[in-house]
1. May I ask you to list the residues in segment 143-185 that are under 26 Å from the mean Cα position of the chain (by Cα), of a type outside the set (A, V, I, L, M, F, W, C), more than 20 Å from residue 7 (Cβ to Cβ) and not in a loop (DSSP other than H, G, I, E, B)?
2. Out of all the residues in segment 340-373, which are free of Cβ contacts under 8 Å to residues at least 60 places away in the same chain and polar (S, T, N, Q)?
3. Return the pairs, sorted by first residue and then second, in which the second residue is assigned to a strand (DSSP E or B) and surrounded by fewer than 19 Cβ atoms within 10 Å (Cβ to Cβ), the first residue lies in segment 306-317 and is in contact (Cβ under 8 Å) with a residue 24 or more places away in the chain, the beta carbons are less than 9 Å apart, and the residues are 6+ apart or on different chains.
4. Go through segment 1-25 residue by residue and tally those that are open to solvent by 50 Å² or more (accessible area, probe 1.4 Å) and either basic (Lys, Arg) or in contact (Cβ under 8 Å) with a residue 60 or more places away in the chain (or both).
5. Looking at segment 438-451, is at least one residue assigned to a helix (DSSP H, G or I), in contact with a Gly (Cβ under 6 Å, 6 or more places away or on another chain) and buried (at least 19 other Cβ atoms within 10 Å of the Cβ)?
6. Looking only at segment 309-365, which residues are surrounded by fewer than 24 Cβ atoms within 10 Å (Cβ to Cβ), among the polar types (S, T, N, Q) and within 27 Å of the chain's Cα centre (by Cα)?
7. Within segment 279-301, work out how many residues are under 34 Å from the mean Cα position of the chain (by Cα), surrounded by fewer than 19 Cβ atoms within 10 Å (Cβ to Cβ) and of a type in the set (Val, Ile, Thr).
8. Residue by residue through segment 26-56, note down the ones that are surrounded by fewer than 13 Cβ atoms within 10 Å (Cβ to Cβ) and at pLDDT 85 or above.
Amino acid sequence: MHQFVVKDFEQWRVTARQLRVAEVPPDEVQFLSEHEPGLFATSTPLTELIPAAEVAADFRVPKEFLQLATDVGYHRDAHRWELLYRVLWRLTTNEPKLLQLATDDDVQRLLMMQKAVSRDAHKMKAFVRFREVIQDDQPHFVAWHRPDHRIVRKVAPFFSRRFKAMHWTILTPDESVSWDQHQLNYFDGVDRSAAPTSDQLEELWRTYYANIFNPARIKIKAMKAEMPVRHWATLPEASIIDDILQAAPQRVQAMLQRSEGFATSARDFFPTSPATSLIALAEAAQRCRACDLCCHATQVVFGQGPQSARIVIVGEQPGDQEDLVGAPFVGPAGQVLDQALASAGLDRNELYITNAVKHFKFEQTGTRRLHKRPDAREIRACRPWFEEEWSQSQAAVLICLGATAATALIAPGFRLQQQRGLWVTSKFCKHTLATWHPSSILRLQDEKHRAARFEELVMDLRCARATASSI
């Protein structure tokens, strides 16, 4: 058994390459971390295994493996290097497509380790809290963090870019790093007691956290999953979590009472006398302020089509073009829908087409307005408009385009991937069917998959036409 002490990925990479050139099989190699060496560990000189002339011999591995190996190198598992060498051996012998086999035990272990490192790096970026100290009459910022893995060298460049103009130090039990505004310097890990305990910045953190905390969205389990309790000791905002949770019910009530003039339901904007037509309902909807989407969208985009329509089609919400024109499904998704309707033998002028939410919700990116999915409150606030649209119609078939419309009108737990094209009974209609939203077809990059999904949409529309004709 040949033993090699490895301190980091680069050293393992050089050693592993030379071992592979010498055709030393994995079961004859043991890699030992310099952090946890064996009691009697001694490294085998590589010159004993590899003639000097052969060290430069060439072989290739996929780029994916190099990235995977780099990430796994930060993992704390003592057997990570041996696992990586075994996969390297398999890739360069007779399994060049090994990494595509996610069910392979070795590959699966590596992917799980990579995911754990990535998650740990994310938490380090989120939970490091600097405290100010004075060194040589200059401010210096010090933080202490306890990562699950040896990720300091992976994450330190992020902090050097983000806090480029600061002198800072991050202390961890395994390894520490400091930044002098020019370069990163690494040194030994330290105990928690070596870090400063508090400073005036902590009060700013607590004030900031108290103001951004949304009491209406409390999910204790999710909060602890994203902000593990073991990190709370280093987070100044953690000291006020209990107080915030106790005050949450009162804060929620206060939020509702000062909801900036918005109603809680579209029914508050219904005509004073019952609407006798969809046209009257559409006119009333123009005044709707049931949610704050009305402050950003250009206009309400109400449903269109004859009151006598036998089929009602419901999408999620208007898009950019629909918001500007004031009509549903006139943009790129509308063009796909028109093609599908024509292929299914349906005349759009004989259908009633609307959306679950009547205002366009978007995120401004430069000059572009990018679609943003409406949340549960916005869907709930707008739902009465569709309820009244349906009551005014004479439809026998209801078609939901996409998951948002399906979960809003059929059931919250509706699964479009599993239940697409199946007839179900909803609160509104005995013959309700959910199918793909045309925009989901546009998002598919693969032409073959795009064509297949379009055919499924057409097939569902044909089925709806046949059912409506038979009722």
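The values are calculated or read from the model by the stated rules, or taken from the named source; none is laboratory data. The model shown is predicted, which means the values in this text are computed figures rather than measured ones. FYI the Cβ positions are ideal-geometry reconstructions off the backbone, even for glycines, and counts take in every protein chain you see. Only protein heavy atoms, including side chains, enter the accessible area calculation; ligands, DNA and RNA are left aside. Shrake-Rupley method; radii C 1.70, N 1.55, O 1.52, S 1.80 Å.
1. Those that are under 26 Å from the mean Cα position of the chain (by Cα), of a type outside the set (A, V, I, L, M, F, W, C), more than 20 Å from residue 7 (Cβ to Cβ) and not in a loop (DSSP other than H, G, I, E, B): 160, 161, 162.
2. Correct list: 349, 354, 355, 364, 365, 367.
3. 316/371; 317/371
4. 4
5. no
6. 321, 364, 365, listed by residue number.
7. 1
8. 27, 28 - these are the residues of segment 26-56 that are surrounded by fewer than 13 Cβ atoms within 10 Å (Cβ to Cβ) and at pLDDT 85 or above.
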